[in-house]
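Taking it in order: structure first as structure tokens, then the write-up.
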Amino acid sequence: MDNAILRVRDLSKRFDSEEVLRGVSFEVCKGDVKIFIGPSGTGKSTLLRCLNRLVEPDSGQIWLGDEEITRATDIDGVRRRMGMVFQNFHLFDHLTALGNVEIGLIKVLKMPKREARDFAMSELARVGMDRFADKYPAELSGGQAQRVSIARSLAINPEIMLFDEPTSALDPELTGEVLEVMKKLASGGMTMLVVSHEMEFVYSVASEVLFMEGGVIVERGTPCQIREGNAHGRPCDSNPRDSSRSFPRTKAFLKRING
Ligand SMILES: Nc1ncnc2c1ncn2[C@@H]1O[C@H](COP(=O)(O)OP(=O)(O)OP(=O)(O)O)[C@@H](O)[C@H]1O
Ligand SMILES: [Mg+2]
């Protein structure tokens, strides 16, 4: 794929004796929404963390555009290009919602305070949180806190957004508001790499679903291919070469998590 903006080649990572990533390769084009699924402990979080250098891979390469980020010395620069949203929000407790979004603009992008404030407000509005600008994280619901965390990442204007199970710490009634924000981002053309097992969401936004097991991507396909046919029961017309694949491991996993 010539127009890939992110290329991951043969990425491996070992923690002590455990091989957590065993040769992971994939490419991402602008506007792609790649969603990783798979059992606990298969290296999904480690993979996303390697992408923005929170974890150093042992071998393999990651290219973001023309820059090999596995060799980059400006790690903050890499993180500016790839925003990350975590399961547990990672907000600063002593700052308001506005303060949490503003701080990166002031400290990282060196934006003047007044400008940062206006821009942060518009980012909060984008996730429907402008009304809560003066609230502290402790005063927000989990869904609201996660939306602030998304606004904070978006404010830096990253090329790619990484989401590691952004709704798995939320009560079920709060996941919807976060998934809605993510759907809106996806339909606006944001390039996204997501770990999520909210399958309705996965099927509605993923350009590709990648099933990981034991540190490798074992199966990958479009939502349509994985569900065997489109919503009307007709076979997928995209990529007919792959439509006969049966995705046995992915399906066995989905059956286990869905009962
Ligand atoms: N910093 C670390 N030090 C040692 N081992 C680690 C570290 N981070 C992850 N691991 C181990 O690597 C393996 C993969 O972890 P990882 O968090 O990437 O899996 P995951 O697929 O995201 O799982 P989950 O679905 O539970 O989030 C696990 O066995 C985990 O214990
Ligand atoms: Mg994880």
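The values are calculated or read from the model by the stated rules, or taken from the named source; none is laboratory data. Small disclaimer: the values here were computed from a predicted structure and weren't measured. In this analysis, Cβ positions are derived from the backbone assuming ideal geometry, glycine residues included, and neighbour counts consider all displayed protein chains. For accessibility, only protein heavy atoms count, side chains too; no ligands or nucleic acids. Shrake-Rupley method; radii C 1.70, N 1.55, O 1.52, S 1.80 Å.
Within region 16-40, restricting attention to residues that are free of Cβ contacts under 8 Å to residues at least 12 places away in the same chain and within 9 Å of ligand 1 (Cβ to nearest atom), the residue that is most open to solvent (accessible area, probe 1.4 Å) is Asp16. The residue of region 97-122 that is nearest to the chain's Cα centre (by Cα), among those that are β-branched (Val, Ile, Thr) and buried (at least 16 other Cβ atoms within 10 Å of the Cβ), is Val101. Only residues that are closer than 14 Å to Gly41 by Cα and of a type in the set (D, E, K, R) were counted in region 7-22, giving 5. Within region 1-60, the set of residues being of a type in the set (S, T, N, Q) and away from ligand 2 (no atom under 16 Å from the Cβ) comprises Asn3, Ser12, Ser17, Ser25, Ser59.
Considering region 181-199, the residues that are among the β-branched types (Val, Ile, Thr) and in contact with a helix residue (DSSP H, G or I) (Cβ under 9 Å, 6 or more places away or on another chain) include one that is farthest from ligand 1 (Cβ to nearest atom), namely Val181. Scanning region 161-209 for residues that are within 14 Å of ligand 2 (Cβ to nearest atom) and of a type in the set (A, V, I, L, M), we see that the one that is farthest from Pro248 (Cα to Cα) is Ala169.
Restricting region 1-20 to residues that are touching a Cys at 6+ places or on another chain (Cβ under 7 Å) and outside any strand (DSSP E or B), the residue that is farthest from Glu67 (Cα to Cα) is Met1. Remark: Phe211 falls outside the filter, which requires a residue to be away from ligand 1 (no atom under 14 Å from the Cβ), crowded, with 18+ Cβ neighbours inside 10 Å, farther than 18 Å from Met82 by Cβ and not polar (S, T, N, Q). Annotation note: of Arg49, Arg53, Arg79, the sole residue that is of a type in the set (D, E, K, R), within 13 Å of ligand 1 (Cβ to nearest atom) and either closer than 20 Å to Met182 by Cα or within 17 Å of the chain's Cα centre (by Cα) (or both) is Arg49.
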